[in-house]
1. In nanometres, what is the gap between the two model label sites at residue 274 and residue 178, each 7 Å from Cα along Cα-to-Cβ?
2. Which value in nm describes the separation of the simple spin-label points at residue 39 and residue 68, placed 7 Å from the Cα toward the beta carbon?
3. Contour minus end-to-end for residue 119 and residue 229, with contour as 0.36 nm per residue of separation and end-to-end as the Cα-Cα distance?
4. Tell me, in nm to one decimal, what length is gained between residue 240 and residue 284 on full extension, where the rule is 0.36 nm per residue of separation less the Cα-Cα distance?
């Protein structure tokens, strides 16, 4: 039996220093065997490798999508450029080949629509070239400019469509009020040679005579004058135009068409307005697709440093 340790008065009690815990005791000891730890390490490495491969795969998908958008936009721009040439050609043809008929119309709306077509066609062709450059250079600034031009062309086409629709509503009334007066008052008069040429071309090309009928010419200033040399209608009313053939107003000699030239001219202008409208709507639909492609490509490209 051990005796208790006695401490004399005035002496300090001896204390044992605290035991220092080993570094290993402060950390949890893994209960896994070396083989299990090796398997765990392999699994972690596989997971990291899979994450990296997924990132590379996503980058490849994004790059593939950008390339597809580029080629789609290039194809669109080529077709758009061709369409611009067609639009401009239609506008020029209307102004050059049918300019005589425009002089018979009191309103300039038809001519303005043709000029808008020419302007839109020229802008479309320039825009198509710019679009190709922007697509292959992958410049966001060029794409922004290209999108703005597409939007401007779209607004021009809407304006041309509105003008064509307004003119379509007014056309019949305008022709009724003005074509007959133009023929009666200005045919074969000084300073109105372009009107005379337009009326002669109108009657020969559409095989008609007079605004409403051949009897309209009875009130013509020229027919009533001595310059007509006894003609009852202009020689352009004749089925086989010859000098002074207009003296005989017989159905076998001149054109007798129900509704006269007014009906023919109205039909001609309406057909052209339909062509203008169809071309405008077609290109507008194509433009919407192009603007969508442009936005997609713009978003897929990285922002340029400024």
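Every number in this text was worked out from the coordinates using simple rules, so none of it is lab data. Being a predicted model, the structure only gives us computed values, none of them experimental. Methodologically, a virtual Cβ is constructed for each residue, glycine included, from the backbone with ideal geometry; neighbour enumeration extends over all protein chains shown.
1. Label-label distance for residue 274 and residue 178, simple model: 2.3 nm.
2. 4.2
3. Once the chain is fully extended between residue 119 and residue 229, it gains 34.9 nm.
4. Details: separation 44, 0.36 × 44 = 15.84 nm, distance 4.57 nm.
Here the segment from residue 240 to residue 284 would lengthen by 11.3 nm.
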